[in-house]
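This report concerns only the one structure given below.
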Amino acid sequence: MRPFLLEENALFRGLYCWLGANEGNRGFCTPEGEALARDGLLPLGWEWLAYGAAGLALVLLLVNAFLVLVMLYTYMERRVMARFQARLGPNRVGRFGLLQPVADAIKLLTKEDVAPTGADRWVFNLAPIVMFVPVLLVLAVLPFGRGSFLADLNVGVLYVVAVTTVTTLAVFMAGFASGNRYAMFGAMRAVAQLISYEIPVVLSIVGVLLLARSLSLVEIVEAQRVPFVVVQPLAFFIFLAGSSAELNRTPFDLLEAESEIVAGYHIEYSGMKFGMLFLAEFAAVLTTSGVMATLFLKGWEGPLLPSHLWFLIKVFGLAFLFIWIRATLPRLRIDQVMGFAWKFLLPLSLVNVFVTAAEALAWDWETMTPQQVWAMGGINLLVGMVGVVLFSHLVRRPAPRRAARARAAATAEEGV
Amino acid sequence: MLEDYFRQYGLIALFSGVAVSVPVGMLVLSWLFSLVRVRPRKPDPVKSSLYECGMAPIGGARWTQFNFRYYPYALLFVIFDVETVFLYPWAVRFHQLGLFAFLEMLAFVLVLVVGLVYAWRKRALEWEG
């Protein structure tokens, strides 16, 4: 069993021992056998308060660092999108436009906040909060570097899946409370789309679990002899496609399709509430990239560079991939989106689960030779490619019968 | 061991508190800005009317009718979501369970896949027709 979790964290240890060092926890604060250097500030029996204070310091550090990263990411998204579209992007505020997110925040804070007359005030104000909280909550279990995580839950993956699902509720709350038809349609689409893509995403993780044999994110990283993307290419593809639908990003951003339902669920939002809905969406890209890096790209591990830096490189690489997808693919129709989830991703993810299970039956992941690992990766890549081609033929269908019939009738009439 | 468990969830509870206070703090900050007149507040009946093509909307939007095609998806979702709940513990302990568990789960999923194929054939996954 792992020793006490936050032991390796210098900040936590220092703060905890400053406040609560005493005879009871000498093994943690001072080496066994040495005299206690100094009693903590708090009396005996108050270690829990020292623990809470040290934990709170870590939490605040983590949340603030994450919010700064999200601001950087919004800048990155706008600059990279601009480059894809052969323009410059924001470059006026600060050097290279780096202060643009700050300017955006100030602008949104000082904008008038209008709520429509028919709105359900409580739910209307609550929706941005409910949208924002789960995105932050995912951070609690993500391992950012060797030995640096807030909590290593033994049900980490389930926690991540459960917490990220709450976003669906927030989108529906926002759409429902606005009392606007466009917002309501956006909310309906959101629920249908988000729950449909939930299933392939969750099923694609099962392939990883079969090999890692644990739900703890730290143990999943440690189980990756090679990054799981090598042996689970199909799962990686499904997770990428499914999560870009979960994040409401462009090939699947039907819930806010500007050309059909104007802006969907956030049509009536203005000022800081609008800003928070958007900030939550950008932040979700980073946390999803973090989860992906942990599950498929070996998390923090990498040669030479420090582990935290490797994690950041992987997260921003994946975020770049999400921006790339957004810049490349056009928006789909709602029936195409739903068909893609149910007729393409779901069967493929089931195939992936059972192919991986059969391989886990034949080979033992922990004692496999490198040749077997590469053979497994090759087989899975082949299965993935054949599956993608096969199922894409299944999904592709001729023009709807009714439309064809109508067209035939029209031409017949013309003939008469 | 058990103490470790409670400590972790304690930290997550702490984290939840901070996570809630961040967006609430943003809203409070925005509200404070309106108190010092940095953020304007000029209510107007036209401004706070619902946005709908420039015309006053007719009838309420909240209990409007919507496409019944959303229902089959919701039903299918419930079925397959329960399946994933079964699959997670199965996947974690699979190396100890062996061939029998593999066949068992295959049979279980095949039953569900029959349902999916049925829905597919009945064109419940299509939008027109």
Worksheet, complete the sentence: A:Leu329 and A:Ala82 label points (each 7 Å along its Cα→Cβ direction) are spaced in nm at 2.6
Discussion item. Using only the alpha-carbon atoms of the protein assembly as shown as identical scatterers, what base-10 log of I(q)/I(0) does the Debye formula give at q = 0.06, 0.10 Å⁻¹?
Written reply: -0.34, -0.93
Fill in: Normalised per residue, the volume of the convex hull around the Cα set of the range A:112-163 (Å³)
101
Response to the item:
Calc'd 3J(HN,Hα), the range B:112-123, phi into Karplus 6.51 cos²θ - 1.76 cosθ + 1.60 (θ = phi - 60°), Hz, glycine/Pro = x, comes to 5, 5, 4, x, 5, 5, 4, 4, 5, 5, 7, 6
Fill in: Extension gain from A:Arg13 to A:Ala162, taking 0.36 nm per residue of separation minus the Cα-Cα distance
50.6 nm
Worksheet item: If you count, for every residue in A:109-116, the Cβ atoms of partner chains within 10 Å of its Cβ, what is the mean?
Response: 6
Worksheet item: Using a Gaussian network model of chain A with C-alpha springs under 10 Å, which one of A:Gly52, A:Gly290, A:Gly242 is most mobile by mean-square fluctuation?
Response: A:Gly52
Worksheet item: What net charge is computed for the residues neighbouring A:Val160, neighbours being all others with C-beta under 15 Å from the C-beta of A:Val160, Lys and Arg scored +1, Asp and Glu -1?
Response: -4
Worksheet item: Given just the C-alpha atoms of the range A:111-401, how large is their convex hull per residue in cubic angstrom?
Response: 137
Worksheet item: Within the accessible area of the range B:1-40, what % is carbon and sulfur when the probe is 1.4 Å and the other protein chains stay in place?
Response: 73
Discussion item. One quarter of the convex hull surface, Cα atoms only: what value does that give for the range A:247-354 in nm²?
Written reply: 9.1
Fill in: FRET efficiency, A:Glu366 to B:Gln96 (Cβ-Cβ, R0 22 Å, nearest 0.05)
0.95
Worksheet item: Taking θ as phi - 60°, what are the ³J(HN,Hα) couplings along the range A:317-328 by the Karplus curve (6.51, -1.76, 1.60), each to the nearest whole Hz, with x for Gly and Pro?
Response: x, 5, 4, 4, 4, 4, 5, 4, 4, 4, 6, 8
Worksheet entry | Summed buried accessible area for A+B [probe radius 1.4 Å, Å², rounded to 100] | 7400
Item to complete: Find the Cα radius of gyration of the range B:67-129, compare it with 2.2 N^0.38 Å by division, and give the number to two decimals.
Response: 1.39
Discussion item. Nothing charged except the Cβ atoms of Lys and Arg (+1) and of Asp and Glu (-1): what's the magnitude of the dipole of chain A about its Cα centre? Round to the nearest 20 debye.
Written reply: 1520
Worksheet item: Which of these, A:Thr369, A:Thr294, A:Thr328, has the largest mean-square fluctuation under a Gaussian network model of chain A (Cα springs below 10 Å)?
Response: A:Thr369
Item to complete: Return the FRET efficiency for the residue pair A:Leu169, A:His393: r is the Cβ-Cβ distance, R0 is 41 Å, and the value is rounded to the nearest 0.05.
Response: 0.65
Item to complete: Would you please give the FRET efficiency between B:Val20 and A:Thr110, computed as 1/(1 + (r/R0)^6) with r the Cβ-Cβ distance and R0 = 30 Å, to the nearest 0.05?
Response: 0.80
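The values are calculated or read from the model by the stated rules, or taken from the named source; none is laboratory data. Just so it is clear, the structure is predicted and the values come from calculations on it, not from any experiment. All Cβ positions, glycine included, derive from the backbone under ideal geometry; neighbour counts span all protein chains shown. Please note that ligands, DNA and RNA were not included when accessible areas were found on the heavy atoms of the full protein model with its side chains. Shrake-Rupley method; radii C 1.70, N 1.55, O 1.52, S 1.80 Å.
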